[in-house]
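Asks: The structure that follows is given in the form of structure tokens.
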Amino acid sequence: MNSLLIAAALANSITFNVTHQGDLYMVTPQVTVTQACQCQVSIQTVREGAGGSSNIRQSQNIKIPANQPIDLSRMQLTVSANDTVKVVVTLTDGQALHLSAEWPSAERT
């Protein structure tokens, strides 16, 4: 039974599709769950740089179908060389399902 729980946990995921051109980044968090759920999604974007800082949080309830990648949002961020950016996505059904993932600017390529 433990192996079934581990397999289910590995199949639920939050990933980030990221493209960029120069300082402009398009960040699209994407979620896949093994069982359909009515979930609360929270997306927090924190940015700090020479021009100041910002901390934006958005939250909504959405229905997510099983085994189908779903784009949660699409963010366009301008990130200068000395800026730091962090995007944190949390998804929960209020019961057993709780996922969280982070896209740090240190992983920019």
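Asks: Using Cα-Cα distances under 8 Å and only pairs 6 or more residues apart, what relative contact order does the chain have, in percent?
Replies: Relative contact order of the chain: 28 percent.
Asks: Same structure again: Let a ≥ b ≥ c be the square roots of the eigenvalues of the Cα gyration tensor of region 20-63; is it rounded (a/c under 1.5), or, if not, prolate (a/b larger than b/c) or oblate?
Replies: It comes out oblate by the Cα gyration axes.
Asks: Right, here's the next one. Compute the signed sum of charges (Lys and Arg +1, Asp and Glu -1) over the other residues within less than 13 Å, Cβ to Cβ, of P29.
Replies: Details: positive: R74, K86; negative: D71, E102.
Net charge in that neighbourhood comes out at 0.
Asks: Ok, one more. Would you mind checking which residues have amide H under 5 Å from N17's amide H? H placed 1.01 Å from N; only 5 or more apart, or other chain.
Replies: T28, Q30
Asks: Below 12 angstrom from the Cβ of N55, what's the summed charge of the other residues (Lys, Arg +1; Asp, Glu -1)?
Replies: Net of charged neighbours comes to +2.
Asks: So what's the Cα pair-distance distribution over region 2-107, bin width 10 Å, in %?
Replies: Spelled out bin by bin, region 2-107 gives 14, 44, 28, 13, 2 percent.
Asks: Between helix 2-11 and the chain, what is the angle of the helix's C-alpha long axis to the longest principal axis, kept within 0 to 90° and rounded to the nearest 10?
Replies: 40 degrees
Asks: OK, next. I want the local charge near C39. Using Cβ-Cβ distances under 11 Å, sum +1 for each Lys or Arg and -1 for each Asp or Glu among the other residues.
Replies: Neighbourhood net charge equals 0.
Read the figures in this text as sums done on the coordinates, not as results from a lab. Since this is a predicted model, take the numbers as computed values, not measurements. Note that we place each Cβ from the backbone using ideal geometry, even for glycine, and neighbour counts take in every protein chain shown.
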